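The values are calculated or read from the model by the stated rules, or taken from the named source; none is laboratory data. Model, not experiment: these values are computed from the prediction. For neighbour counting, all protein chains shown are included, and Cβ atoms are generated from backbone atoms with ideal geometry for every residue, glycine included. Surface accessibility is based on the protein's heavy atoms, side chains included, excluding ligands, DNA and RNA. Shrake-Rupley method; radii C 1.70, N 1.55, O 1.52, S 1.80 Å.
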Amino acid sequence: KESDSATHHLFVWGSHKDGKLGLGKESDSLMPERVNITNPILIQSGCDHSVVLDAQNRLWGWGFSQHYSLGKGNERKTLDTPTLLPIENVNQILCTQDDTLLHVNNSEPLY
């Protein structure tokens, strides 16, 4: 049995086109490489983007935000490494091909 203080990591591999892997490099990964996020608890990915919630309830996103899928407003760009997204109290994440859906415990507007 793992202790509650165990550290967990996220590993990725494959095509890194448009920052899809979050590794901050341009080349593809042929072997698993660790993403710079500690203790991920929810992980979702779409066609070109990924969103992760960590154990500290921080929401991270990376990849290609072609259809604003990373929630960065009018920014349609590539995020090559995990970027903190300013959304709190997330319970669930669902990514579709170009969209991100969140279930949030909050009665206040997100922004």
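Overview of values
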| item | result |
| --- | --- |
| Strands (runs of 3 or more DSSP E) contained in the stretch 21-96 and holding at least 1 residues of a type in the set (Lys, Arg) | 29-38 |
| Test: Lys25 is open to solvent by 40 Å² or more (accessible area, probe 1.4 Å), at pLDDT below 90, closer than 13 Å to Cys95 by Cβ and charged (D, E, K, R) | no |
| Filtered residue count, the stretch 67-95, keeping only those that are within 23 Å of Lys25 (Cα to Cα), touching a residue at least 40 places away in the same chain (Cβ under 8 Å) and open to solvent by 60 Å² or more (accessible area, probe 1.4 Å) | 2 |
| Test: residue in the stretch 52-62 that is open to solvent by 20 Å² or more (accessible area, probe 1.4 Å) and over 21 Å from His8 (Cβ atoms) | no |
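Quick grid of which residues meet (1) within 20 Å of Thr96 (Cα to Cα); (2) among the acidic types (Asp, Glu); (3) touching a His at 6+ places or on another chain (Cβ under 9 Å):
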residue: His8; (1), (2), (3): no, no, no
residue: Ser15; (1), (2), (3): yes, no, no
residue: Pro32; (1), (2), (3): no, no, no
residue: Asn36; (1), (2), (3): no, no, no
residue: Ile43; (1), (2), (3): yes, no, no
residue: Phe64; (1), (2), (3): yes, no, yes
